[in-house]
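The values are calculated or read from the model by the stated rules, or taken from the named source; none is laboratory data. Just so it is clear, the structure is predicted and the values come from calculations on it, not from any experiment. Positions of Cβ are backbone-derived with ideal geometry, glycine not excepted, and every protein chain shown enters the neighbour counts. These area figures cover heavy atoms from the full protein model, side chains too; ligands, DNA and RNA do not enter into them. Shrake-Rupley method; radii C 1.70, N 1.55, O 1.52, S 1.80 Å.
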Amino acid sequence: MIQSYDLYMPTHLIFGKGRISELKDAVAGAGKKALITYGGGSVKRSGLFTRVKELLESAGCSVSEFGGIEPNPKITSVREGVSLCKDEGIDFVVAVGGGSVLDASKAICCGAMYPGDPWDLVLDASKIKAYLPLFDVITLAATGSEYDRAGVISNEETKEKLTIWGNFPVTSILDPEYTMTVPANQTAAGIADIMSHTFEQYIVRDGNMLSDGFCESMLRTVTHFGPIAVKDPTNYEARAEILAASSFGCCGLLSLGRTPSPWPCHGMEHELSAWYDITHGVGLAILTPNWMRWCLETDPTTVTRFAQYGVNVWKLNPRHDPMENAKDAIANTRKFFDSIGIPNTLAALGIDDTHFGEMADHIQARWGDLGKAFVPMDRDAILTVLRMSL
């Protein structure tokens, strides 16, 4: 039965080939001083930075730039961006790149309107009272940050990777052609990220036909088109399907009327990438099948959900034994990640169990209540799943 829910999605999504030209109209009224944020040099080499700058200037805006934002964006970069905004009187921000650039830009937009250290806003969202308008041009299908208000920021000094609940982008422009230069390993990690967002909301105690369908369609889409995009980066249909799917991963649609989830795999992965700076999607792909297996072994009543997943996503025979289908569904998940070139152990990333205890303690202190997960997790359970992933 569908449960009560709240759904708020104010961002204007502009999807399709060549639609970046609409950025000029999108920023009308946002102000006259724009900051373009980006990561590495790829957006400049591709000409995308120049295109965005020209469109903003044609809208009568002066343009500043802030580059070098990391794949796991750091609070140090956020602080630099905040200082730039304050020094130059920036009116709005245009993030050009993937989810990390957009996450950092959300924190920059909030920090620009706050008198203290922007890390305060990560630790306590109630301190966010205002923020600069944010626009974006996405170049990677992965995080869904273009259609939600969350951003994930790392603090190297404290070994923390936490969420800032900032501002929804005003407008997000999504042209699948801008994702075609993304290398295969980043494409694969993005696919894993999309799938994990879906799993975190789909693998819960009580769903409903409507949002079960949303989740299963997401998973079928990316498992079908993902390998095509990895093998043929310029396949427009595959890139378009994956990019469209990515936007809906975190906007609330997939959790509509379902049991709320504390996103246990994300809680564990944030600890891993806070300590080891690994690629987020890769960490999730390693953890998720092991978490699924732990759930099924710990509580056999979870068989119903995993068997449904197997039948509706992997097309397993519904007449087969539910436990058989549940185990096969989990095995297929691992095989899929293997097939797109993602490592399947933490050891392959150079990670051992040295800091697992600290990670588990921090999850319990800072993450959502994992006692409310699909199968409740305490400290020992967190350690078990981390060790299963070695």
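Quick notes
- The chain, helix-only ellipticity at 222 nm - DSSP H runs n ≥ 4, -39,500 (n - 2.57), divided by all residues, nearest 500: -15000 deg cm²/dmol
- Relative contact order (percent, whole number), the chain, Cα cutoff 8 Å, 6+ residue spacing: 16
- Amide proton proximity set for VAL137, modelled H, under 5 Å, gap of 5+: ALA95, VAL96, GLY97, ILE173
- Between the stretch 290-309 and the stretch 178-248, the C-alpha centres lie 22 angstrom from each other.
- Over the stretch 281-390, the fraction of Cα-Cα pairs per 5 Å bin, rounded to whole percents and listed from the shortest bin up, is 2, 12, 20, 20, 19, 15, 8, 3, 1.
- Peptide packing: for 3-14, 102-113, the average count of neighbouring Cβ atoms within 10 Å per residue gives the ranking 102-113, 3-14, highest mean first.
- Rounded Å value of the spacing that divides the Cα centres of the stretch 66-123 and the stretch 143-168: 11
- Calculated diffusion of the stretch 1-157, Stokes-Einstein form, Kirkwood radius summed over Cα pairs, 25 °C and 0.890 mPa s, µm²/s: 153
- The residues of the chain have, on average, 40 Å² of accessible surface per residue, using a 1.4 Å probe with all protein chains present.
- Charged neighbours of THR163, selected by a Cβ distance under 11 Å, balance to +1 (K, R count +1; D, E count -1).
- With distances taken between every two different alpha-carbon atoms, the chain has a Kirkwood hydrodynamic radius of 21.2 Å.
- Nearest-ten-degree value, helix 379-388 long axis tilted from longest Cα axis of the chain: 90
- Debye equation applied to the C-alpha atoms of the stretch 4-95, log10 I(q)/I(0) at 0.18, 0.21, 0.23 Å⁻¹: -0.92, -1.15, -1.26
- The 3J(HN,Hα) values that the Karplus relation (6.51, -1.76, 1.60; θ = phi - 60°) gives for the stretch 102-119 are, in residue order, 5, 4, 4, 5, 4, 5, 5, 4, 6, x, 5, 10, 10, x, x, 6, x, 5 Hz. Gly and Pro appear as x.
- 13 Å beta-carbon shell around ASP175, net charge (K/R +1, D/E -1): 0
- 3J(HN,Hα) along the stretch 169-175: x, 5, 9, 10, 9, 10, 10 Hz, from the Karplus curve 6.51 cos²θ - 1.76 cosθ + 1.60 with θ = phi - 60°, whole Hz, x for Gly and Pro.
- The chain: angle of helix 209-231 to the longest principal axis, Cα-based, in degrees nearest 10: 70
- For the stretch 179-188, Karplus couplings with θ = phi - 60° (6.51, -1.76, 1.60), whole Hz, Gly/Pro x: 9, 6, 8, 5, x, 4, 5, 6, 4, 4
- Stokes-Einstein, applied to the Kirkwood radius of the stretch 209-255 over Cα pairs at a viscosity of 1.567 mPa s and 4 °C, places its translational diffusion at 118 µm² s⁻¹.
- Cβ-defined net charge surrounding ILE363, 13 Å radius [Lys, Arg +1; Asp, Glu -1]: -4
- The label point for SER62 and the one for ARG366, both projected 7 Å from the Cα toward the Cβ, are 3.8 nm apart.
- Nonlocal amide H pairs with VAL152, under 5 Å, H built at 1.01 Å: ILE164
- Sequence-distant residues sharing a close amide H with ILE36 (under 5 Å, placed H): SER64, GLU65, PHE66, VAL94
- Normalised alpha carbon radius of gyration of the stretch 162-208 [divisor 2.2 N^0.38 Å]: 1.56
- Partner lysines whose Cα lies under 27 Å from the Cα of LYS161, excluding those fewer than 8 positions away in the same chain, are identified as LYS74, LYS86, LYS106, LYS127, LYS129, LYS372.
- Angle between the chain longest axis and helix 280-298 axis [Cα atoms, degrees, rounded to 10]: 30
- DSSP bridge pairs, the chain: antiparallel proportion in percent, nearest 5: 20
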